[in-house]
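*Asks:* Let me begin by handing over the structure; questions about it come next.
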Amino acid sequence: MSQALNSPPTLSEQYRGYPERLASQAQESKNRLYSNKTAPESVPRKRGVRLPPDTTQDGFDRAISALQQQIGQQNVVLNDKPLIDGWYLDHPNTHDAFHVVDQEDLVSSAVAYPESTTEVQTIVKWANKYSIPLWPISMGRNLGYGGGAPRVPGSVVVDLGKRMNKILNIDPDNASCVVEPGVSYFELYEEIQRRKLPLWIDCPDLGGGSVLGNAIDRGVGYTPMGDHFANHCGMEIVLPNGELLRTGMGAMPGKYGADNPTWQSFQPAYGPYSDGMFSQSNFGIVCQMGVWLMRETGHQSYLFTFPRDEDFPEIVEAIRPLAQNRILGNIPQLRHVVQELNVTGLPKSHWYSGTGPIPRDVVRKHARNLPTGECSWVFYGTQYGDLAGIESQLEIIKTAFFKIKGTKFFLPSDLPPDHYLHSRAKVCAGIPVLRELDWLNWKPNAAHLFFSPITPTKGADAKVVHDINIRLHEKYGIDLFPTLCVAGREMHYITNIVYDRSSDDEKRRSAALMRELIAAAANEGYGEYRTHILFADQVARTYSWGDNALMRFNETIKDALDPNGILAPGRNGIWPKKYRGKGWELLGDETERAIGGGTIEPKKTMSRL
Ligand code: EUG
């Protein structure tokens, strides 16, 4: 429990830290989480360093010494100490803090900390020579999707965050910047404030993640520039053979060896647009990326409540034209009212003492006592621009939503200072915060998985996915926490599957629920935009149109770029030839079976197959 007493690190102490302005929040949030913790901080390791597949101890030792000689002994660290799940701002890069299978299963053998793109090239060439799988991470947050854990146990994690955390350029005229993988939303925001620039960043619900990493995982934020990948411009990439590539206009040399002046201005350049291939992929290591910023503007956040569970399809229908007409300025969130209970940071036991999911009538009873009153759905939106524009937009939005009977409207000034809307207003103005962590207090030792399908922004489609969620969460006895990020043509329907890390039973039910949700949604034609590393194989294989044409295309590219199969094997379901069809793909109940001390690694090593 010693860590509980420590203050979490600040940004000036640690690249993964929090800004001073959030000091008391960070400490409170950490204390609250630790006060709910019943599991020990760490347990003794059952085995020593987990070796990469097909590697002898002797061969591994020689490879590690060789790498230490190349990038410095202190920059290659064995993963041989007790594993600590820690907390959001003391996040491990040794394993998945939100472990689904055994904590010690999805672990690295070692972590390498490169300082530069050149050192990343050195590591990649080393991995090819010694045939060791690499797992690059930026800062390794990726919460609910696997954290910093490698898919193949014993991979060497390449932690780009620790030493490659420079903001290389901020161009106020172009409203853009260039970042390395270790630049967090917190850091980028603070730097813009330090320089007093009239610019906004766009951040997701939590501010500790990597700007670059989130964009290439195609994450979402909540200003008008919330589509992070769509707002990146230009990349510098190390390919799996160690060669270097610049995409976009960066492919054209600048004068006298300078960066190309148009690199952060025009995304595609000439010829096929290659950047997409380096998002959610294992085709290269992105070491620099351009990011577009937003010009500072006026903004007004607000919320609507809707009375009935059954209003859901009608709400979605009302949002669609508003979003398509760009009356809605950002990606709003629609949350079920149960999320109003968990975002208070109070544990489930505060609201309900029974076992099993919290019943609907109990949620209703408690909602009645919240400032927003009894309701079923809560819509969090923000309008941008000048006051007159915001007011006229709000009138149009109110007219549309008030057609749903019993709808209510609230401004931040209508709600107490601790209401979540105040935190939401910050996120929607590009100010990164920590508040969203609070629903992790729902149960002791809480971890979570995200189920993240995409549906059209149409009531009927949304209802199909919602009903699947209701049915299967009930079947597995798990609370249903839906948050929908709604755009004009599609919505990210995110459910948060919260489980107690110390309970194998909860882990098994959560994993089984995920598996069945993915299958049931795919059966209706709905697919995930992103998933946990343990479910990547299953999700990738739901995209099977034309006899798996997409996966065959991806595999062709993977084999051409990475013939030795060293780069992030299994990432997003893409396996290099060396691993393919040898028992690595998790397509059945392997995950559930590995919970409680097993492994997801196939029994036979690759060469013996
Ligand atoms: C959220 C949104 C996501 C995601 C995970 C979580 C929101 C949680 C839009 O994508 O992948 C409140």
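Just so it is clear, none of the values below were taken in a lab; they were calculated from the coordinates. Computed from a predicted model, the values in this text were never measured in an experiment. Quick reminder, even Gly has a Cβ in these numbers, built from the backbone with ideal geometry, and neighbours come from all protein chains shown.
*Asks:* When Lys and Arg each count +1 and Asp and Glu each count -1, what net charge do the other residues less than 10 Å away from residue 228, Cβ to Cβ, add up to?
*Replies:* With Lys, Arg at +1 and Asp, Glu at -1, the neighbours total -2.
*Asks:* Semi-axes of the equivalent ellipsoid for segment 299-536, please: Cα gyration tensor eigenvalues, times 5, square-rooted, ordered largest first, whole Å.
*Replies:* 29, 21, 16
*Asks:* Working only with C-alpha atoms, what are the Rg and Dmax values of segment 167-295, expressed in angstrom?
*Replies:* Answer for segment 167-295, Rg first and Dmax second: 14.0, 42 Å.
*Asks:* Scattering from the C-alpha atoms of segment 428-561 alone, worked out with Debye: what is log10 I(q)/I(0) at q = 0.10, 0.13 1/Å?
*Replies:* -0.39, -0.64
*Asks:* Let's test the formula: R0 of 51 Å, r as the Cβ-Cβ distance of residue 218 and residue 24. What FRET efficiency results, to the nearest 0.05?
*Replies:* 0.95
*Asks:* Here's another thing I want to ask about it. Taking +1 at the Cβ of each Lys and Arg and -1 at the Cβ of each Asp and Glu, which of 303, 146, 510 sits farthest along the dipole of the chain towards its positive end, judged by Cα position relative to the Cα centre?
*Replies:* Result: 510, furthest along the dipole toward the positive end.
*Asks:* Then there's this: If you place +1 on the Cβ of every Lys and Arg and -1 on the Cβ of every Asp and Glu, how big does the dipole about the Cα centre of segment 249-408 come out, in debye to the nearest 20?
*Replies:* The calculation lands at about 360 debye.
*Asks:* Additional query: What's the longest piece of the chain with no exposed chymotrypsin sites (Phe, Trp or Tyr not before Pro), counting a site as exposed if DSSP puts it in a loop and it has at most 14 other beta carbons within 10 Å?
*Replies:* The reported range is 1-265.
*Asks:* Helix 23-35: angle to the longest alpha-carbon principal axis of the chain, degrees 0 to 90, nearest 10?
*Replies:* Around 80 degrees separate the two axes.
*Asks:* Once both labels are modelled 7 Å past Cα along the beta-carbon direction, what's the residue 556-residue 346 spacing in nm?
*Replies:* 5.8 nm
*Asks:* Could you give the dipole magnitude of the chain about its Cα centre, charging the beta-carbon of Lys and Arg +1 and that of Asp and Glu -1, in debye to the nearest 20?
*Replies:* Computed about the Cα centre, the dipole is about 560 debye.
*Asks:* To continue, here is another question. Taking the simple approach of a point 7 Å from Cα along Cα-to-Cβ for both residue 129 and residue 196, what is their distance in nm?
*Replies:* That separation, rounded to one decimal, is 5.1 nm.
*Asks:* Can you give the local net charge around residue 338? Use residues other than it whose beta-carbon is closer than 9 angstrom to its beta-carbon, Lys and Arg +1, Asp and Glu -1.
*Replies:* Result for the local shell: 0.
*Asks:* For segment 136-294, give the magnitude of the charge dipole about the Cα centre (Cβ charges: +1 Lys/Arg, -1 Asp/Glu; no others), in debye to the nearest 20.
*Replies:* Computed about the Cα centre, the dipole is about 240 debye.
*Asks:* If you build the Cα gyration tensor of segment 44-159 and take the root of 5 times each eigenvalue, what three semi-axes come out, in whole angstrom, biggest first?
*Replies:* 22, 16, 12
*Asks:* Using the Kirkwood radius over Cα pairs, work out the Stokes-Einstein diffusion coefficient for segment 99-221 at 20 °C and 1.002 mPa s, in µm²/s as a whole number.
*Replies:* Translational diffusion coefficient: 137 µm²/s.
*Asks:* Need one number: the % of Cα-Cα pairs in the chain sitting beyond the 47 Å mark.
*Replies:* Every Cα pair in the chain considered, those over 47 Å come to 10 percent.
*Asks:* Next question. By how many degrees, between 0 and 90 and to the nearest 10, does the Cα long axis of helix 117-130 differ from the longest principal axis of the chain?
*Replies:* Value to nearest ten degrees: 60.
*Asks:* Roughly what would the spin-label model give for residue 166 and residue 582, points 7 Å off Cα along C-beta, in nm?
*Replies:* Rounded to a tenth, the inter-label distance reads 3.9 nm.
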